[in-house]
Every structure is written in C-alpha cells, then in structure tokens.
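I have placed the structure first, in the form of structure tokens, so that the comments after it can refer back to it.
The values are calculated or read from the model by the stated rules, or taken from the named source; none is laboratory data. This structure is a prediction, so every number in the text was calculated from the model and none was measured. Glycine also receives a Cβ, built like all others from the backbone with ideal geometry; neighbour counts cover every protein chain displayed.
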Amino acid sequence: MSVTQIKTNMDHWQERVDLAAAFRWTARLNMHEGVANHFSLATNDTGTQFLMNPNQVHFSRIKASDLLMVDANDPKTLSGPNAPDPTAWGLHGGVHRACKHARCVMHVHSIHATVLACLQDSRLPPIDQNCCTFYNRVVIDEDYGGLAFEDEGARCAKLLTDPKQKVMVMGSHGILVIGDTVADTFNRLYYFERAAETYIRALQTGQPLRHISDDIAEKTARELEEYAEQDTRHLAELKAILDDEGSDYAN
C-alpha cells in the first residue's frame, strides 16, 4: 500500500497529501523561508474555509495530518491550537475572502522571485519560454505596507481581481501565486521561480537580452496554459519520489 493511502479518516485527505508534498518540495528546492511563509487550499465553494500550515513548523517537516482547517470568517481561528501565524491569517484569509477563484494560495520569499520584487522595475520580460508563461499574467504590488496583517492582506487581495493574473510580485516582499488546485499552483510557483532565475542571471551577464515579440509571447502563454496534465503529472512525480524515499509527508 502506498503511504498516500495509509490514512483516510480526515476530511479532504487527498488534498492534504498534495499540499504536504508541495511543502516538502518547496523546502527541498530551497524556495522556503524556514518556519515562515504559508500555503493554503480552499475546501468549500466560497473559499472561506481552507487548509493551512500550522504556525512556525518547518516546510520540510509538514505532514498531511498537521494541516489546519481554518475559516476566514471566524476570528476564533487565531486562538485555536497551533493557530496560524497572524500574517498567514491576514494574507491568506484576505485573499480567500475576496477572490473565490483563488482556490489555492502559495506565498514564499524564494530567492529569485524576491530579487525580482526588489528591482525598481519588477516586470518579467519574455526573454525565454518560461518567462513567456507569465506574459500579461502577473500583477505587481507597488505599495508594500509592512507585515501582512489583516489590513495589508485585504489590500493585496484587491489586486487579484483579474482571474487571468495568477501571480503577484509583491514589491520588496516576495511572491504570491494562486491556482485551481495544489498541482496547478505549485507548478506555477515552480516555473515562475525558474523564469525569474533565468532573467536575473541573464541580467548579471551585462549583455543585451533577447526579447520575444508580444504576439509570440502571448501565443506561447496560451499554449502552455492548454498543455494537458503537465501540472498534475509534475506533482504526481514529486509524490512518487517522496514515496520511494519513504517520506512521512502523507501521514
């Protein structure tokens, strides 16, 4: 029996397993921030109830059974056992309340995306195929207001009204990615970091950069959006590797 099948008596078990795998791989790829940063996954139709990592637990240790079920409309959430970090509550609660289409929300301070967020011009130009993935699909928050407590979280959520824009470069902060599922969102998070790394490293050469035309960049973005099952197969392979290694992520 696969370790992903051991425990099924908790609600939304498969979603828990997927989210735990995403935490583990984010840590393995060094895209984490130790015991900070947060992922969440909506479990009801309105998006106001969601799974989230417990406060101050390292991404590399999170298991499916560790994930908290919280309610964005219930302030008592912050007084429960292992209550989420107040900034996690502020940012993710704000997004899930305001953006029904944001089923999964991943926020990290990954190195290259954060470098991009620290540039005066935080746009990601279409210089290669991965960068094209995000052409016209990124919103930039230019008004960093400190830690993402509730007011700041609500302000950020207002920037995600266009369902086409599923990546927010949070100026002087990091990145927030939304999607339909864990697989969809993690895949987007992974490739945005790769694209940002390519761009930052290209800038470091000091050489002129190629620029793919707007028409081809948009065409490529659409083609990648329609590339069937790439996100689900990506996550399935990551879970298979964890299973082969005997990881306890699915416990």
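Numbers below:
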read-out: One residue from Asp141, Asp121 being of a type in the set (D, E, K, R), over 28 Å from Gln230 (Cα atoms), modelled with pLDDT of 95 or more and surrounded by 18 or more Cβ atoms within 10 Å (Cβ to Cβ); value: Asp141
read-out: Within region 140-182, tally of residues that are more than 17 Å from Cys99 (Cβ to Cβ) and touching a helix residue (DSSP H, G or I) at 6+ places or on another chain (Cβ under 8 Å); value: 9
read-out: Leu160 being under 11 Å from the mean Cα position of the chain (by Cα) and crowded, with 22+ Cβ neighbours inside 10 Å; value: no
read-out: Scan of region 183-220 for residues that are under 19 Å from the mean Cα position of the chain (by Cα) and of a type in the set (A, V, I, L, M), ordered by number; value: Ala183, Leu189, Ala195, Ala196
read-out: Residue in region 198-214 that is touching a Ser or Thr at 6+ places or on another chain (Cβ under 6 Å), more than 14 Å from Val105 (Cβ to Cβ) and assigned to a helix (DSSP H, G or I) present; value: no
read-out: Residue that is nearest to the chain's Cα centre (by Cα) [pool: residues in region 234-250 that are in a helix (DSSP H, G or I), among the acidic types (Asp, Glu) and exposed (fewer than 14 other Cβ atoms within 10 Å of the Cβ)]; value: Glu237
read-out: Hey, Arg155 among the basic types (Lys, Arg), within 27 Å of Asn44 (Cα to Cα) and at pLDDT below 95 or not; value: yes
read-out: Leading residue by the ranking (modelled with the lowest pLDDT) among those in region 96-111 that are within 15 Å of the chain's Cα centre (by Cα) and not in a loop (DSSP other than H, G, I, E, B); value: His96
read-out: Selected residue (only one of Asp143, Asp151 is touching a Gly at 6+ places or on another chain (Cβ under 8 Å), farther than 16 Å from His107 by Cβ and not in a helix (DSSP H, G or I)); value: Asp143
read-out: The one condition in (1) surrounded by fewer than 14 Cβ atoms within 10 Å (Cβ to Cβ); (2) touching a Cys at 6+ places or on another chain (Cβ under 9 Å) that Tyr227 fails to fulfil; value: (2)
read-out: Test: residue in region 154-162 that is free of Cβ contacts under 8 Å to residues at least 40 places away in the same chain, part of a helix (DSSP H, G or I) and under 29 Å from Thr232 (Cα atoms); value: yes
read-out: Selected residue (criterion: farthest from Asn251 (Cα to Cα)) from residues of region 32-52 that are without any contact (Cβ under 8 Å) to a residue 40 or more places away in the chain and in contact with a strand residue (DSSP E or B) (Cβ under 6 Å, 6 or more places away or on another chain); value: Gln49
read-out: Pair list, Cβ < 7 Å and 6+ apart or interchain, from region 54-72 residues that are free of Cβ contacts under 8 Å to residues at least 24 places away in the same chain to residues that are of a type in the set (Val, Ile, Thr) and crowded, with 19+ Cβ neighbours inside 10 Å; value: none
read-out: For Ala202: the one exception among (1) closer than 21 Å to Asn30 by Cα; (2) out of contact with any helix residue (DSSP H, G or I) (no Cβ under 6 Å at 6 or more places or on another chain); (3) surrounded by 22 or more Cβ atoms within 10 Å (Cβ to Cβ); (4) not charged (D, E, K, R); value: (3)
read-out: Matching strands (runs of 3 or more DSSP E) fully within region 4-95 where at least 2 residues are surrounded by 17 or more Cβ atoms within 10 Å (Cβ to Cβ) and under 17 Å from the mean Cα position of the chain (by Cα); value: 38-42, 49-52
read-out: Subset of region 163-185 that is without any contact (Cβ under 8 Å) to a residue 60 or more places away in the chain and not in a strand (DSSP E or B) - its residue that is surrounded by the most Cβ atoms within 10 Å (Cβ to Cβ); value: Lys166
read-out: Count of residues meeting criterion [hydrophobic (A, V, I, L, M, F, W, C) and more than 10 Å from the chain's Cα centre (by Cα)] in region 169-182; value: 2
